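Colleague: Take this structure first; my questions come after.
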Amino acid sequence: MFLNTVFTDVVDGALVARKIGNHHKPSGYIQRIKDDYGISEAGALNANYIVLRLPLNVRSVFLEWLERTQPIHKDRVLSRIRSARDGELSDSRYGRRMRGEGEMAEQIGRTFKAFAKKYGLDRKLPPLDFSAFRPPRASSGQMNLF
């Protein structure tokens, strides 16, 4: 199991990032996350996702890596990204940068939601309890940033 329950009183969820749609096995990604990383067993109550983003300098690094390691699949991968990003490789607009836009993005969302529910990863997190929080205090007054 990848995750261990180190903090027994911490309630959390799991974030699945860099998602590109896969028509052949839509359940495979969340199933793998659940099985390989043990997020349910580690206590995660929910799971969420981010559609792959390629902002600024990340784009050139990703495109170079894709050309070098997956030249046969490059066009297909870029097409999938664009289909989930309204024809672009990235979108910095609030509300769209994490979820994408268009039919592929909607399909990813519906599929992820269905399988999160199937694997019990669609529960709401309880309200945050700040009652035990105490800000750290330096004995000498102002604390150092580094």
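Values in this text are rule-based calculations from the coordinates and carry no lab data. Worth saying up front: this structure is predicted, and the values here are computed from it rather than measured. Reconstructed Cβ throughout: ideal geometry from the backbone, glycine too, with neighbour counts over all protein chains shown.
Colleague: Taking the mean number of other Cβ atoms within 10 Å as a proxy for protection, how do you rank 98-110, 114-126 from highest to lowest? Can you show the working numbers first?
Modeller: Values: 98-110: 17.1, 114-126: 14.8.
In descending order of packing, they fall as 98-110, 114-126.
Colleague: Which ³J(HN,Hα) values in Hz, rounded to whole numbers, follow from the phi angles of segment 54-62 under the Karplus curve 6.51 cos²θ - 1.76 cosθ + 1.60, where θ = phi - 60° and Gly and Pro get x?
Modeller: Once rounded to whole Hz, the list reads 10, x, 6, 5, 4, 4, 5, 5, 5.
Colleague: Can you work out the FRET efficiency for the pair Gln70 and Leu128, with r the C-beta to C-beta distance and R0 = 35 Å, to the nearest 0.05?
Modeller: Details: r = 42 Å, r/R0 = 1.19.
Working from the Cβ atoms, E equals 0.25.
Colleague: Run the numbers for Asn48 and Met98: contour at 0.36 nm per residue of separation, minus the present Cα-Cα distance, in nm.
Modeller: Roughly 17.0 nm would be gained on extension.
Colleague: Enumerate the amide H contacts of Ile50 below 5 Å, restricted to partners 5 or more residues apart or on another chain; note that Pro and chain-start residues carry no placed amide H.
Modeller: Residues meeting the criterion, in which the H sits 1.01 Å from N, are Val16, Ala17, Arg18, Lys19.
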